[in-house]
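Notes to accompany the following structure.
The values are calculated or read from the model by the stated rules, or taken from the named source; none is laboratory data. Keep in mind the model is a prediction, meaning the values are calculated, not measured. Here Cβ is always computed from backbone atoms with ideal geometry, including for glycine, and neighbour counts include all displayed protein chains.
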Amino acid sequence: MRIVGGIYKGRTLTAFDGDKIRPTADKVRESLFNILQFKIAGASFLDLFAGTGAMGIEALSRGADSVTFNDASRESLKVLKTNLEKLKVTEKITVKNFDAVTLLKSSTQKFDIIYVDPPYKTTLGLDALKVAENALKENGVIIFEDEKPFDGEISGLKVTDRRKYGRVHLTFFVKGEN
């Protein structure tokens with residue numbers, strides 16, 4: 001696993017042992033940040049289910065003004081902190097240890113970009129999407145990653161784009177009604 005663009009391009013990250021955790025593939029991250037290229041510079045970015053931190057680190061590498069990394073798993077936070085230390089990333093970051101819904105409901109900070117990549121085969125991502133509008137800035141975007149296409153509606157959010165990369169489906173939301 002490596003950073004694919006920006007100031008940390010080519011740097012490798014520590015991954016999880018085994019297949020319990022599924023990091024977003026380099027190809028998917030590269031495609032996503034190509035889509036976000038005009039939104040990322042100066043943005044506030046929330047990596048809601050941070051895992052290794054690859055997505056948030058990629059955002060920093062490509063010019064995000066700040067990144068909040070969140071994960072409910074202490075094991076994930078340990079790997080994330082290892083990666084941040086490895087790259088000597090100390091500025092422009094916040095690391096939180098909350099379940100996603102609690103963080104989104106209680107957040108006083110608003111984000112330009114929220115990346116929602118929950119463990120597959122759970123309702124954690126949908127639960128987070130239902131309250132994510134609370135933490136989204138006007139003209140902000142939420143990206144939801146899942147193994148199956150998003151099918152449904154989320155009150156207060158409008159689907160603006162859908163992409164498929166192998167077995168990964170990305171759905172893009174903005175504030176508004178479907």
Looking at the stretch 105-116, which of the residues that are buried (at least 18 other Cβ atoms within 10 Å of the Cβ) and out of contact with any Lys or Arg (no Cβ under 9 Å at 6 or more places or on another chain) is modelled with the lowest pLDDT? SER107
Checked ASN83, ASN70 against criteria (surrounded by 19 or more Cβ atoms within 10 Å (Cβ to Cβ) and either touching a Pro at 6+ places or on another chain (Cβ under 9 Å) or touching a residue at least 60 places away in the same chain (Cβ under 8 Å) (or both)); the one match is ASN83
Hey, can you tell me all the residues within the stretch 123-178 that are more than 15 Å from the chain's Cα centre (by Cα), of a type in the set (A, V, I, L, M) and outside any strand (DSSP E or B)? VAL131
Within the stretch 25-46, can you find the residues that are free of Cβ contacts under 8 Å to residues at least 60 places away in the same chain and assigned to a helix (DSSP H, G or I)? ASP26, ARG29, GLU30, PHE33, ASN34
Test of understanding: among GLY140, GLY152, which residue is without any contact (Cβ under 8 Å) to a residue 40 or more places away in the chain and in contact with an Asp or Glu (Cβ under 7 Å, 6 or more places away or on another chain)? GLY140
Somewhere in the stretch 56-67, is a residue buried (at least 19 other Cβ atoms within 10 Å of the Cβ), of a type outside the set (Gly, Ala, Ser) and more than 13 Å from the chain's Cα centre (by Cα)? yes
Considering residues that are assigned to a loop (DSSP other than H, G, I, E, B) and either more than 25 Å from ASP127 (Cβ to Cβ) or at pLDDT below 95 (or both), the number found within the stretch 73-98 is 7
I want to confirm something. Restricting to the stretch 155-171 and keeping residues that are touching a residue at least 60 places away in the same chain (Cβ under 8 Å) and in contact with a strand residue (DSSP E or B) (Cβ under 8 Å, 6 or more places away or on another chain), which single residue is surrounded by the fewest Cβ atoms within 10 Å (Cβ to Cβ)? ASP161
Before we move on, is ASN139 under 17 Å from ILE113 (Cβ atoms), among the polar types (S, T, N, Q) and either at pLDDT below 95 or in contact with a Ser or Thr (Cβ under 6 Å, 6 or more places away or on another chain) (or both)? yes
Extreme residue, nearest to GLU75 (Cα to Cα), among residues of the stretch 114-124 that are out of contact with any Leu (no Cβ under 7 Å at 6 or more places or on another chain) and in contact (Cβ under 8 Å) with a residue 40 or more places away in the chain: PRO119
